[in-house]
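**Q** Provided herewith is a single structure, encoded as structure tokens, for subsequent inquiry.
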Amino acid sequence: MKAVHFGAGNIGRGFIGLLLHQSGYEVAFVDVNDTLVSLLQTKRQYTVKLANEQADTFLVDQVTAIDGKNIALVAETIAEADLVTTAVGVSVLKHIAAAISKGIELRLAGSREPLHFIACENALGGSTTLKHLVYEHLSPETQTLADRLVAFPDAAVDRIVPLQQNEDPLLVTVEPFYEWTIDRSAVLPGHQEIAGVHYVDQLEPYIERKLFTVNTGHCCAAYHGYLKGYTTIQEAMKDPSIVAEVRGALQESGAALIQTYQFDEAAHSQYIEQILERFINPYLVDEIVRIGRSPIRKLSPQDRLVRPASLANQCGITVTHLTNAMAAALHFDYADDPEAVELQETIKKHGIHRTIAEYTGLSGQSPLHARAAEQYQQLGQWVRHGKE
Ligand SMILES: NC(=O)c1ccc[n+]([C@@H]2O[C@H](COP(=O)([O-])OP(=O)(O)OC[C@H]3O[C@@H](n4cnc5c(N)ncnc54)[C@H](O)[C@@H]3O)[C@@H](O)[C@H]2O)c1
Ligand SMILES: O=P(O)(O)OC[C@@H](O)[C@@H](O)[C@H](O)[C@H](O)CO
């Protein structure tokens, strides 16, 4: 079986590529990083190392890579594939949509075999977003045919894969834990289930629980950790005041998730504890600036801070830690992150209230907006007064 995977980065090699390989797929990675592409083409294999005491390793072989700029070759490879996956970043999906649409046109011209596209990004409805972007490039006739033969099941992916600092540029170190959940209701007959994947009839509770626990807690630790001058999440999670913020945020999002999806309270508490353990894995070095990357995306209405805060607010739960994490995110002034730079420029130019309204969608009338703005000022004073 042949799979095409867009994005030969950390999660692409360290999680999706590994699981597809273990399921019997030959994986062709599509990437725009020339070094990665050329190394994968030459070596045809790479190693995944687990961040555990034994440092278990897995060899992923029978792989290759395609230059993402070579649209004709990407399209031809998609036309021949049994499965297509992505892990490029949700904001990059628009850049791969044209090549995917060409692949679908070629495929439909020569085959009636169903084809699945699964976006493995940290976002609600990632594959659905990809579908809309791809359909913009297809004629109405092709869209009608694609409706029958091409599917875009949404998915949730969970495995912490930090930025890599290995001598071997293809080696990727990952945490032992993983969870890949796919919406079975959108899968076409004939799809061969991927080993190790959890197929569910309704994805929403799973993706919201993952994003609003793992990613909410993660970015909460990262933004508060950044303000306190820590470099890694492992350092930040040694600070009791940061752990208290993370726990507080996860209690707020947790209460909202439990009310919305009727999760068992004890099981959800255990889920939170397991995640806090994962954050402090001593065999990983995970940089705060990776976890805090793209603060505009992370402050957007459907993402890990605003959506759980809004859900909690609607459920009548008092929200202070999630708004404090938004406030800390608004202070994330990391100069190498283009979204952080844009955010800081917007605050300077238009002030905090307009910035909050513009990026979070929380209007000036929202109590969450008011609290985040007040906490932003308090954190600013704390930073200016030497963080006493
Ligand atoms: N790293 C994690 O812990 C983790 C876990 C779960 C989900 N995710 C999600 O997976 C996605 C990728 O994250 P990552 O950490 O692997 O990032 P990454 O930067 O390591 O990998 C992204 C890869 O996509 C490639 N890319 C960029 N533009 C492209 C294009 N136009 N065509 C083809 N390839 C392109 C990049 O060159 C890079 O190799 C994100 O959506 C992230 O939220 C990451
Ligand atoms: O990838 P992002 O930028 O959406 O979020 C950063 C991290 O929180 C994220 O990559 C986690 O490590 C991952 O989602 C764990 O499953």
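The values are calculated or read from the model by the stated rules, or taken from the named source; none is laboratory data. Remember, it's a predicted structure, so these values are computed and weren't measured experimentally. All Cβ positions, glycine included, derive from the backbone under ideal geometry; neighbour counts span all protein chains shown. What goes into the accessible areas is simple: the full protein's heavy atoms, side chains included, and nothing from ligands, DNA or RNA. Shrake-Rupley method; radii C 1.70, N 1.55, O 1.52, S 1.80 Å.
**Q** Per the 1.4 Å probe, what fraction of the accessible area of region 25-181, in percent, lies on carbon and sulfur atoms?
**A** 49 percent
**Q** Now a separate question. Please get the size of the charge dipole for the chain, origin at its Cα centre, with Cβ charges of +1 on Lys and Arg and -1 on Asp and Glu, quoted in debye to the nearest 20.
**A** Roughly 640 debye, rounded to the nearest 20.
**Q** Here's a follow-up. Counting every Cα pair in region 2-202, what percent are over 31 Å apart?
**A** 13 percent
**Q** If you line up the long axis of helix 93-110 against the longest principal axis of the chain, both from Cα atoms, how many degrees apart are they, to the nearest 10?
**A** Once rounded, one gets 20 degrees.
**Q** Something else now. Rg over Rh of region 16-78, using C-alpha atoms and the Kirkwood radius, what does it come to?
**A** Computed over Cα atoms, the ratio is 1.04.
**Q** Quick one, can you get me the convex hull of the C-alpha atoms of region 73-130 expressed as volume per residue in Å³?
**A** Dividing the Cα hull volume of region 73-130 by its residue count gives 73 Å³.
**Q** With +1 on the Cβ of every Lys and Arg and -1 on the Cβ of every Asp and Glu, and nothing else charged, how large is the dipole of region 89-143 about its Cα centre, in debye rounded to the nearest 20?
**A** Using Cβ point charges on Lys, Arg, Asp and Glu, region 89-143 gives about 40 debye.
**Q** Ok, one more. Students often forget the sequence filter, so: which aspartates and glutamates lie under 14 Å Cα-Cα from LYS69 once same-chain residues fewer than 8 apart are removed?
**A** Partners found: ASP31, ASP34.
**Q** Can you give the Rg to Rh ratio of the chain, both from alpha-carbon atoms, with Rh computed by the Kirkwood formula?
**A** Result for the chain is an Rg/Rh of 0.98.
**Q** Report, to the nearest whole %, how much of the accessible area of region 205-384 belongs to carbon and sulfur atoms, 1.4 Å probe, protein only.
**A** 50 percent
**Q** Right, here's the next one. What per residue convex hull volume, in Å³, do the alpha-carbon atoms of region 287-361 yield?
**A** 81 Å³
**Q** Gaussian network model of the chain, Cα springs within a sub-10 Å range: biggest mean-square fluctuation belongs to which of GLN262, GLN143, GLN344?
**A** GLN262
**Q** In whole Hz, with x marking every Gly and Pro, tabulate ³J(HN,Hα) for region 65-74 from phi via Karplus 6.51 cos²θ - 1.76 cosθ + 1.60, θ = phi - 60°.
**A** With coefficients 6.51, -1.76 and 1.60, one gets 9, 10, 5, x, 7, 8, 4, 5, 5, 4 Hz.
**Q** OK, next. Given springs between every Cα pair under 10 Å in a Gaussian network model of the chain, which of ASP286, ASP168, ASP183 has the largest fluctuation?
**A** Result for the chain, Cα springs under 10 Å: ASP168 fluctuates most.
**Q** Taking the Cα atoms only, what angle lies between the long axis of helix 216-227 and the longest principal axis of the chain, rounded to 10 degrees?
**A** Roughly 60 degrees between the two axes.
**Q** Over all alpha-carbon pairs in region 205-384, figure out the percentage whose distance exceeds 24 Å.
**A** Above the 24 Å cut-off, region 205-384 has 31 percent of its Cα pairs.
**Q** Please figure out what share of the DSSP beta bridges in the chain is antiparallel and state it in percent, rounded to the nearest 5.
**A** 30 percent
**Q** Right, next: Treating only the Cβ of Lys, Arg, Asp and Glu as charged (+1, +1, -1, -1), what charge dipole size does region 205-384 show about its Cα centre? Round to the nearest 20 debye.
**A** In total the dipole reaches around 260 debye.
**Q** Moving to a separate point now. If you count only protein heavy atoms with a 1.4 Å probe, what accessible area per residue comes out for region 2-202, rounded to a whole Å²?
**A** 43 Å²
**Q** Pull out a ≥ b ≥ c, the square roots of the eigenvalues of the alpha-carbon gyration tensor of region 244-317, then state rounded if a/c is under 1.5, prolate if not and a/b is larger than b/c, and oblate in the remaining case.
**A** oblate
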